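Student: Got a structure for you, questions after.
Where a number appears in this text, it was derived from the coordinates with a stated rule and is not lab data. Quick caveat: nothing in here was measured; it's all calculated off a predicted structure. Cβ atoms come from the backbone with ideal geometry, glycine included; neighbour counts cover every protein chain shown.
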Amino acid sequence: MFGPHIKIDAANHPTLKNSKGPTAMAQWSNTAPDVATKYAYELHRTPADRPLNAIITSNDIIGCHTHYWGGRTVPCEAPHCPACDEGMPSRWHAYLSVFDPKTHDHFLFECTAKAVQPLEEYRDSYGTLRGCFFSASRPKRRKNSKIIIAVRPADLTKTRIPDALDVIRAMSIIWQMPDTALQTPSAEHSTPTITPDHAIINRMRDVSPNNNGRKKPCTSPDPA
Ligand SMILES: [Zn+2]
């Protein structure tokens with residue numbers, strides 16, 4: 001069987017060597033692929049030494065509880081959560097898709113439940129967070145210190161912002177959750193929770209009943 005990734009030597013191939021014309025073509029196009037259909041994006045948290053300034057491209061906050069477990073951040077999968085079963089504490093985090101008007105980077109922004117209040121107020125006032133310019137900073141300039149977020153409407157006559165990223169899908173990739181374990185589509189205004197298939201996830205994490213459901217030590221770093 002030839003997989004799509006295998007190069008075929010047409011000149012020496014028993015059935016292709018006498019065929020006319022090229023046997024494979026590059027897929028040329030006149031437009032760049034829609035970046036919103038790609039999901040591998042960086043996750044940024046508020047740095048200690050400088051503000052993070054960006055324009056929100058998603059309509060709303062979306063968040064979930066996470067654990068720091070096995071050496072990395074993983075989403076809480078309660079009521080069937082191996083981290084909860086081991087008594088690991090969880091924290092709720094909000095995730096947004098945001099655009100840096102200076103660098104044109106489109107990425108994911110994570111913030112704590114405590115810091116998210118100005119964003120909730122903005123959403124309630126304007127009906128959406130899309131187009132909200134924010135500046136997130138840590139006044140004490142220390143890692144993990146309190147975050148302050150200042151908000152105002154961005155001037156969208158000067159900056160064209162891209163379509164929102166699929167935050168749940170992008171976070172699922174960062175968390176290394178198997179794609180097939182996720183129910184799609186993950187619309188922002190649907191239930192803001194991840195609904196994984198635990199059988200698939202446990203298989204992927206190599207959790208078997210004969211090791212009491214314990215996960216093998218994970219050496220992959222925290223995505224931050
Ligand atoms: Zn949990």
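Student: Given the Cα-Cα distance of residue 78 and residue 105 and 0.36 nm per residue of separation, how much length would full extension add, in nm?
Tutor: Contour length minus the Cα-Cα distance gives 6.4 nm.
Student: Would segment 20-162 count as rounded, prolate or oblate if I go by the C-alpha gyration tensor, calling it rounded below 1.5 in a/c and otherwise prolate when a/b exceeds b/c, oblate otherwise?
Tutor: Since a/c reaches 1.5 but b/c is at least a/b, the shape of segment 20-162 is classed as oblate.
Student: Hey, another quick one. Going by C-beta contacts inside 10 Å, put 157, 128, 112 in order with the fewest on the left.
Tutor: With the fewest neighbours first, 157, 128, 112 line up as 157, 128, 112.
Student: Here is a follow-up. Relative contact order for segment 44-114: what is it in percent, counting Cα pairs under 8 Å that are at least 6 residues apart?
Tutor: Dividing the mean separation by the residue count of segment 44-114 yields 37 percent.
Student: May I ask you to sort 84, 111 by Cβ crowding, counting other Cβ atoms within 10 Å and putting the fewest first?
Tutor: Starting with the residue having the fewest Cβ neighbours, the order is 84, 111.
Student: Okay, moving on. So which of 102/158; 114/143; 102/140 end up more than 23 Å apart by C-alpha?
Tutor: Cα-Cα > 23 Å for 102/140; rest within.
Student: To continue, here is another question. Could you check the spin-label model distance between residue 85 and residue 140? Points 7 Å from the Cα along Cα→Cβ, value in nm.
Tutor: 3.6
Student: Continuing with this model, one more query. Which whole-Hz couplings ³J(HN,Hα) result when phi for each residue of segment 130-141 is put into the Karplus expression 6.51 cos²θ - 1.76 cosθ + 1.60, θ = phi - 60°, listed in order with x for Gly and Pro?
Tutor: Once rounded to whole Hz, the list reads 4, x, 7, 7, 9, 10, 9, 9, 10, x, 7, 6.
Student: In addition: Tell me, 88, 25, 171 in order of fewest to most beta-carbon neighbours within 10 Å?
Tutor: Lowest count first: 25, 88, 171.
Student: So what are the ³J(HN,Hα) numbers for segment 47-55, from phi and the Karplus equation (6.51, -1.76, 1.60; θ = phi - 60°), rounded to whole Hz, Gly and Pro as x?
Tutor: Running phi through 6.51 cos²θ - 1.76 cosθ + 1.60 with θ = phi - 60° gives x, 7, 9, 7, x, 9, 10, 6, 10 Hz.
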